1. Find the relative contact order for chain A and round it to a whole percent, using C-alpha pairs within less than 8 Å whose residues are 6+ positions apart.
2. In the neighborhood of B:VAL351, defined by Cβ-to-Cβ distances under 11 Å, what is the net charge if each Lys or Arg adds +1 and each Asp or Glu adds -1?
3. Lysines near A:LYS306 by alpha-carbon distance under 23 Å, same-chain residues fewer than 8 away left out - which ones?
4. Where the eigenvalues come from the Cα gyration tensor of the stretch A:371-467, what are the semi-axes √(5λ) of the equivalent ellipsoid, largest first, in whole Å?
5. Rg and Dmax of the stretch B:385-425 over Cα atoms: what are they, in angstrom?
6. With the cut-off at 1.5 for a/c, could you classify the stretch A:68-236 from its C-alpha gyration tensor as rounded, prolate or oblate?
7. Quote the FRET efficiency, to the nearest 0.05, computed for A:GLU11 versus A:SER81 with a Förster distance R0 of 35 Å and r equal to the Cβ-Cβ distance.
8. So what's the back-of-envelope 222 nm ellipticity for the protein assembly as shown, counting only DSSP H runs of four-plus at -39500 (n - 2.57) apiece and dividing by all residues, rounded to 500?
2 protein chains.
Amino acid sequence: MAPKEKARGTEALLTLDFNNLTDDALGEGRGIGAGELSSLEGALASAARDFNARRKKGLLPFADLPYDPDLPKACRRLASSARRKYDDVVVLGIGGSALGANAVLAALRPLNHNTLPAARRGWPRLFVADNIDPEGFAAIMDGLDLSRTLFNVISKSGTTAETMSQFMIVHELLGKALGPKAAGDHILITTDPEKGVLRRLVRERGFQSLPIPPGVGGRFSVLTAVGLAPLALAGVNIEELLAGARLAQDDFAAAPLSNKALLFAGLNFHMATRRNRPGLVMMPYADGLARVADWFGQLWNESLGKALHLDGSPAGTGQTAIKAVGVTDQHSQLQLYMEGPQDKTVCFLGVEGFRKRVPIPRAFGDQAELAYLGGGELGGLLNFERLGTAMALAESGRPNLSLLCPRISSAGLGYLMQTLMVATVVSGTLYQVDPLDQPGVELGKRFTYGLMGRQGFGDMAERYRGGLRADGRYIVR
Amino acid sequence: MAPKEKARGTEALLTLDFNNLTDDALGEGRGIGAGELSSLEGALASAARDFNARRKKGLLPFADLPYDPDLPKACRRLASSARRKYDDVVVLGIGGSALGANAVLAALRPLNHNTLPAARRGWPRLFVADNIDPEGFAAIMDGLDLSRTLFNVISKSGTTAETMSQFMIVHELLGKALGPKAAGDHILITTDPEKGVLRRLVRERGFQSLPIPPGVGGRFSVLTAVGLAPLALAGVNIEELLAGARLAQDDFAAAPLSNKALLFAGLNFHMATRRNRPGLVMMPYADGLARVADWFGQLWNESLGKALHLDGSPAGTGQTAIKAVGVTDQHSQLQLYMEGPQDKTVCFLGVEGFRKRVPIPRAFGDQAELAYLGGGELGGLLNFERLGTAMALAESGRPNLSLLCPRISSAGLGYLMQTLMVATVVSGTLYQVDPLDQPGVELGKRFTYGLMGRQGFGDMAERYRGGLRADGRYIVR
C-alpha cells in the first residue's frame, strides 16, 4: 500500500468546522456572513495563486520538504545506529530549533516517554534544552551519563548565543569526561550546509552533521533535519509524519472554500481585521497536543507580527496566538473568554478518539451528585466538556472554530502542522507582510552583545547606558 | 531570629521597576505621565481603604492566611509522617487546586524533583493531575506503586467533574489493589469544612481530610491546605513561604506610590484602560518561575474578566495575561511584541542571582564569533538578554515593567504571590468588578452535564441539540 493511501485511510485526517464563527451562530455582523465569505473567496484564490507562484520559484522550500525521499532515510539510518549507542539525546536549540520536536514528541511518543523504563521505551530519552537558565540546564545535565548521550546542536546561523553557550559547555564537559577524540562521537551538528561557524567547526573537526536547507527558517523547519533527526532518534514514525504533511500539501489544490489552509487563514484574518479580534486562543483538548499550541504560537506570532507591509508602509499587524489547554484552562481562562473583552477567537483542537480508554467506575453509588459520572470514560467527559464549552461560547456571541482529528496519529499530526504552516504563509499574503522574516528581534540581540562586551558592539553598550532610566521614583523596593 | 527578620534579611524580597512604563521612556502619552501618576495615587489610596475595610469585615480571608500559625504545623506533621509512608503524592485537582502547588514546586524544589533518585530527593515525588485526558492520566498512573502513593483529592465544592471522576477511578483501583480498608490510608481529601459530597464522604468513610476556609476561592488558595499540604509533602519550606507572604501583606500599609501591590494594579489598569493595551505578557526569565506565570494567568484573567460591574452595568472588562518565558520566547514571541499591534504591556519577572553557577568555558578559541561568550556564565547571559530585551522594547515605544527578586527563595516567592493576589483584588476595585467570582464558567458546565446525561439537566441536552449548528458548508474535511 502506498504511504499516501495508508496515511489517509478512509477518513479525513483533519476537519475544520467553523459553524460557530458564522453570523448564523453569533448574530449579524459578529462573525462571518455569507456575503463576506463569498468575498473572502476571491482573496483566498489570489493568495493561493501567489503561494503556488512563489513555491514554483523556489521561495517556499518548506512546502517541498514532505516530498524529499532522502532525508527521512538518512535520519532513520542515524536513529538505527544511535539506538544502540545512546540512552539519551539532548537537543541544544531554541525557538524553531526546539518547538517542533517538542510538539511532535509529546504527541507521538507516550507522554511519559522520558520516565518509562528503558526496555518499555525502546528508544533514547529526548531532552530539549531550549533555555539557558543555569538551574534548568543543570537539572537536565544532572541525569545524564555522558558516555551514553548524544548532543544534537541545532542552529542554522551558528550564531545563536544561547545554543552556542550550551555547546561550549557541553563540548568541554565531554572532552574532560571522555577525552577529546571520543567527545566528537557525542555531538551531532544540524546547521546551514555551507555557511557559519558551526559548519566551519564540522569541517575543521569532523563532527557528524546534518544540513538545514537554505530558505527554511526555524519556525518552518520541523520537517527538516531540525525536527526529523531528534524525532527519529526518539522513535517517532517520521515517514508517516511526512506522508501526512504531503497529503496536506496536496490538498492545498482544493478550491478556496473547501481548502482548510486557506480557510483557516482567511477566517482568522477576517476576525482579526474586520471584527477587531487581535487574539487567537489555540486550545487543544488533549495533553498530547498541548505543545502543538506552543509551536503554533511561534509560527503565527513571529510570522504575522510585523512593523512593515511588503511595500514598506507601516503595518503593526499580527494576531496574538494564545495557548490554552482543555479541559484544564476551563478552570483558569474560560471566565475571561466568556465575559471579558470581545477581542479573541477561540480555536479548539479536538481529538475524536483517544489512544487509551479510562472508564469511570460507578463508585460512591450512594452519592447522587456523582451518579452521572459513573459508567462514562475520561475521554468522553473531556470531549463533552469541549463541546459544552464551544456551545456556551457561541451562545454568548463568542466566535470559535474547531480543528478536529479522528485521533492523534503520525500522519494526522503531519497533516495538521503542514496545514498550519501553509495557512501562515497565506496569512502573510492577506496581511501583506513577509511571513518568513523576523527583523524585530535584532535590536535586543545587539543590546545583549553590547552588554556581554562582544567586540564591535561597544556602541550598543554605550547606547544601553545612555538609554537606561533608573529614576528612583519609579523603582519601589 | 523572628521569621520576619529572617525572611527579609537586609535586601528587598521584591523590587518593582516601572521606568520603562513612563512617558519619559516611551514618549508623551504612550506610558504614564507624572500628572497621571499623581491622579492615580488618589484612586489607589481609595482602593487600599476599600481593601482594608473589606478585610476587616472578613470578606478577604486570603489576606489573613499568612498569619495562621496552625495550618503550617498541621501540614508539617502530615508531611513528616507521610515522608516515610509514601514515595509519591498525586494531587487530583484542577485550576486553583493545581496551579499554586505547581508554581511553588517548580520554584522551590529542584526542577528535576520528580526524576531525582529518591535518596537525593529526600521527599516524595509530586504529580499534579490537572487534566482528564485519558492518555495523560494513564501516563501519570503508569509509574506509581499504589501501595506507596498518597492521592490528595482537592475540590472545595466536591462537584468538580474532572476531579471527582479521577477520584472515582483511583478509589476503585486502590480498593482492588490494597483492599477497601487499606485504600483509605492512601487518600487525603481537601475540601469545604462543612459542606459538599467530599465532606460527606469524609464523615461517612473516615478519610483523612483538611479544610479549605470558606470565602477563599481556588485562585486565592495557594496558602490554604490546597497548596500547603502537597507542598509540605514534597519538602517545600512552607513556613518561609508564609513568612514572605506575611511581609507582603504587611507592606500593603505603604503609601500608594511606594506600595508594590497598589502600583502593579494601578499601572496595569492605566495601560489597559487609558492606553488601550488589553494584553499583559508575564515573562519570567527563570525556568523555576515559569509556572508562576501560569498561576498568575488564572488569578488575573479569571478575576478581572467580567461581564458586569459591581452595580450591575455591563463591563466586559479584563486584561489578558499571556504567559511567556525568557530567554526561550525571545525566539518565538518577541518579534510580535516588538513590531505587532500596540496592544500589550510586558512584565518581566527577573532573578538577580541564580542558585547554580554554570560558567561558559573559552571553548573554540579560534572562532572569533564565539569569543565574547567564553568566560561568562549562563545566568549572566540570561540576565543580559532580559535587560537587552527590555531596552529594545522601550526604545521601540513598547511599555514594560519589571518585578525583580534577588534570587528564588521560599520567602521571596511567598512575597511575590501575596503581592500579586492583593494586586488582583485591588484591580477589581479599579475595574469596579467582583474579583472573587466566576459566573461565566457555569453555562459550559451545564451543557456538559446535559451531554453527560446528568439527572435534572435534560433541558440543557435539549438546548444543546437545538443550538447545534452543523451546516455542511462550514465543515471542511
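Every number here is computed from the coordinates shown, using simple stated rules; none is lab data. Computed from a predicted model, the values in this text were never measured in an experiment. All Cβ positions, even for glycine, are placed from backbone atoms using ideal geometry, and neighbour counts span all protein chains on display.
1. 22 percent
2. Combined, the nearby Lys, Arg, Asp and Glu give -1.
3. A:LYS156, A:LYS323, A:LYS344, A:LYS445, B:LYS323, B:LYS344
4. That gives 47, 20, 17 Å for the three semi-axes.
5. 13.4, 36
6. The shape class here is rounded.
7. Once rounded, the FRET efficiency stands at 0.45.
8. Mean residue ellipticity at 222 nm (helix-derived): -14000 deg cm²/dmol.
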